[in-house]
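Right, one structure below, let's go through it.
The values are calculated or read from the model by the stated rules, or taken from the named source; none is laboratory data. This structure is a prediction, so every number in the text was calculated from the model and none was measured. Here Cβ is always computed from backbone atoms with ideal geometry, including for glycine, and neighbour counts include all displayed protein chains. All accessible areas refer to the heavy atoms of the entire protein, side chains included, with ligands and DNA or RNA removed. Shrake-Rupley method; radii C 1.70, N 1.55, O 1.52, S 1.80 Å.
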Amino acid sequence: MLSRLRRNVNIFSVVSVIAAVLIVVPMLNIITEIFSTPTPAWIHIRDNLLRGYIVNTLILVGFVAVFSALLGLFGAYMVTRFEFKGRKLLSWFLILPLAMPSYIAAYAYADMFSYTGTIARFFRRLNLPIIINMMNMEGAIFIFTLTLFPYVYMLTRSALSKQSAAFSENARLLGANKIRTFMRVVLPLLRPALVAGTLLVVLETLNDYGVVAYYNVRVFSFAIFNTWENLGDTQAAIRLSGVLMLLVFAIIFIERMIRGKRQYSIHVKGRPIPRIPLKGWQRFVLPSILWIIMILAFFLPLAQLIYYATLTFTDVFNMGFIFLIINSLTLAITATLLTVIIALMLANYNRGTQNNFKKGLLKITNLGYAIPGAVIAIAVMIFFIDIDHALFPLYRLIDENSPRLVLSSTLIMLTFAFVLRFMAIGYNSIEASYDKVGTKFTEASYSLKASKLKTLLQVDIPMIKHGLISAAIIVFIDVIKELPLTLILRPTNYNTLASEVFRFAREEMLQESAVPALVLIFISSTLIYILTHYKKKEVPINVR
Amino acid sequence: MYVNIESLDFAYTKRNPVLKNISFSMEEGEVVAILGSSGSGKSTLLRLVSGLEIPTKGKIEVNAETLCNANTFIECEKRQVGMVFQDYALFPHMNVFKNIAFGIKNYSKEAKKQRVLEMLKLINMEEKIYAYPHELSGGQQQRIALARALAPSPDVLLLDEPFSNLDADLKLKIRHELRSIMKMTDMTAIFVTHDYDDAKDIADRIVYLENGRIVHEETIKPD
Ligand SMILES: Nc1ncnc2c1ncn2[C@@H]1O[C@H](COP(=O)(O)OP(=O)(O)OP(=O)(O)O)[C@@H](O)[C@H]1O
Ligand SMILES: [Mg+2]
């Protein structure tokens, strides 16, 4: 027994177990709190507001899911099946909207369509009686669809380019026309990728706080923040989080059901489907649709931001701003490194395993991505305050006048939350590369009596370098534009690019918010460029 | 002649012609093997007959219908041509029943089911009707692919290296099965191989393909 234990104790298992415990304990807090006696605020929310939150959340998520699935599928189908001018450029451009944080697009659009905004003025000059109000549910659906559809696009594009031509050729030989071939063969084979991509979009939509706060769309994350910040009612906020979690689990459950259980490989060896040149009117119309999507999702808000930045650049750009950039970068780099290292340990621990304990541990550590930021934020905050209370005697031992809250007033708390939330993203990218490499090299190294650490450093890491780098890039982009966690968990007076954009927008200083927003977009776009060009192959952003 | 192919030319890219001046014809119920080394253009020839590729020149007629010549081209889904691919390409998301039923048109639901059962009986695999492709062995997949291609009763059946994914023992067994199925259904078939024994065992006639040209024909006398 003891020897078995000792055999199983190594750097990978220790890190994995600790990571799982650190993730479970804060979440348990939420669950236990749900069963305490309800406060009056909660009773009020439950009886009067909860229904509205649920309905609004479902409407928002439902429409965004359907629209981004359609957009993503259309884009992926176009660039993998047809040949046209600008196809290569578009095939990575269509990922670019991920560099445009939803809340930044939301501010830019709200402003362009406001009475004094660029577009509203343009319409008036043309004497067009068009007044579009962005700041409502429809506007939020529009913004989320345009900024999040690339998740669907990336996953379906990768699946489409792997799908063997033999399937659709066979269908046509068996007499199916193009539509039947698409509906009965191409689309069903794409379903897992399509559903997984849509799930990512849904989770990101549930996570958002910036857009819904600005557009005043009363969905769950809006409600949680509001109860927490304005009503100061932790318990009611936690209960709301609990309901939201139920909703998320229901969605994931539904996803599993639609995705289907069947395990099969869709890549029979053989050529991928050759691209057909577009002909006639399609040559102009179909690529134009993609360009319009790109303009709406990226270039139009970007142009607006650049214009505003030229107006406010001199006011905003000063020493303080440089520190802001440094803050954001150090925070993002630290969180990214930690996430990737822990994910690497987890991946090693789980490599090729059929062990249920390990699989369960993994499920837990990858849970973070499914949990909306507002919920994680509250759970982590309570967890750290508890730790501080427990450690207070120790603090006093070290320093007589120690304040009660030490850890929870530092960046450790925020970094912890980032790692918790983005673990799944890092892990999946690394796991995908391990799957490709297989275990034979590692086993060869062990058989040569190399230690686990030596094998990791000298065999495994060099072999999965690409996967590690893409994991790091994806996590970095997510961290640097992250809003809900940053807003709740950052130490007082600690600002990042994202939090500054939010603050300016809240104070109706949209022109000033343009400068930090542009820096964010610039950093993210550059990284996306590197990601899509450094490794010519697929970008693995599959969360599973 | 039931199948008539006349001076067929084809190239994937302008520079490299793959098939040059291919002509041969077949009688109804005849089984012809195309024998040639790798890269000689065997699969390409089948893709032309099935309509997956368009020839640069030449004529293809099957059962008194012109499938393609200088001014007509019938799309592959409208041709009465069945094909079994080198790697079978059974639809992985459909079970055996749905795979076989996929190509059967203009049948009532009941008649469709009858037809599928008939096919399964032919290949001796009735018990696998609701299995999924990944639950079948290579040889079983191969037979299902054959049943699927035969189910719509095509005028001519094309087989691209039907045994290439099978091990030696199984290959012998399936080869005999295939021959008896061909005879039972009286199918007109073209099958591609690079193995002389395969060709001799199944075909009535062997057409030798080398570098995209027919270099020789040989009639097999039944033994
Ligand atoms: N899609 C394609 N595009 C360009 N060239 C191709 C394509 N498919 C095949 N070729 C070329 O055409 C020639 C004939 O190929 P084909 O697949 O018909 O050969 P084959 O006789 O079936 O070979 P094998 O026995 O290996 O299957 C080869 O030189 C091949 O490189
Ligand atoms: Mg071939």
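Values as computed for the structure displayed
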read-out	value
Prolate/oblate/rounded call for region B:92-147, Cα gyration tensor, a/c under 1.5 rounded	prolate
Approximate spin-label separation residue A:124-residue B:109, in nm, with each point projected 7 Å along Cα-to-Cβ	6.3 nm
Average beta-carbon neighbours from other chains, 10 Å sphere, peptide B:146-156	1
Cβ crowding within 10 Å averaged over residues, with B:5-11, A:298-304 ranked highest first	A:298-304, B:5-11
R0 of 30 Å, Cβ-Cβ distance residue A:493-residue A:530: FRET efficiency to nearest 0.05	0.35
Region B:62-220 shape via C-alpha gyration tensor axes, a/c threshold 1.5	oblate
Protection-proxy order for peptides A:287-294, A:182-189, each taking the mean of Cβ atoms within 10 Å per residue, highest first	A:182-189, A:287-294
Contour excess over end-to-end distance, with Cα ends at residue A:329 and residue A:453 and 0.36 nm allotted per residue	41.7 nm
Average beta carbon contacts from partner chains per residue of A:183-189, 10 Å cutoff	3
Rounded to the nearest 10 Å², the accessible area of residue A:441 at probe 1.4 Å	90 Å²
Helix runs (DSSP H) in chain A reaching 27 Å along axis by Cα, Kyte-Doolittle at least 0.0	A:11-34, A:50-81, A:137-162, A:187-207, A:234-259, A:319-350, A:373-398, A:411-437, A:510-534
Nitroxide proxy distance, nm - points 7 Å out along Cα→Cβ at residue B:6 and residue A:254	6.1 nm
Highest average packing first - A:367-374, B:24-31, B:110-117, Cβ atoms within 10 Å	A:367-374, B:24-31, B:110-117
Point-to-point label distance, residue B:38-residue A:295, nm (Cα→Cβ direction, 7 Å offset)	5.1 nm
Cα gyration tensor shape of region A:177-326, rounded if a/c is under 1.5, else prolate or oblate by comparing a/b with b/c	oblate
Computed E for residue B:66/residue A:437 - FRET, C-beta separation, R0 45 angstrom, nearest 0.05	0.25
Cα-based Kirkwood hydrodynamic radius, region A:1-152, one decimal, Å	20.8 Å
For residue B:21, residues with placed amide H under 5 Å, excluding near neighbours	B:8, B:9, B:10
Local electrostatic count, residue A:137, Cβ distance below 15 Å [Lys/Arg +1, Asp/Glu -1]	-1
Lys, Arg +1 and Asp, Glu -1 on Cβ, resulting dipole of chain A about Cα centre, debye, nearest 20	3080 debye
Long-range HN-HN contacts of residue B:156 with modeled amide H, under 5 Å	B:82
Shielding by partners, peptide B:90-96 (average Cβ within 10 angstrom, other chains)	6
Sites residue B:220 and residue A:35, calculated FRET efficiency, Cβ-Cβ separation with R0 60 Å, nearest 0.05	0.15
Calculated SAXS-style log₁₀ I(q)/I(0) at q = 0.13 Å⁻¹ - region A:173-237, Debye, Cα scatterers	-0.57
Mean residue ellipticity (222 nm) of the protein assembly as shown, computed from DSSP H runs ≥ 4 via -39,500 (n - 2.57), nearest 500	-19500 deg cm²/dmol
Pairs of Cα atoms farther than 22 Å apart, region B:31-126, %	46 percent
Long-range amide H partners of residue B:205 with built H, under 5 Å	B:31, B:33, B:220
Rule-of-thumb Rg ratio for the protein assembly as shown [Cα; 2.2 N^0.38 Å; N residues]	1.14
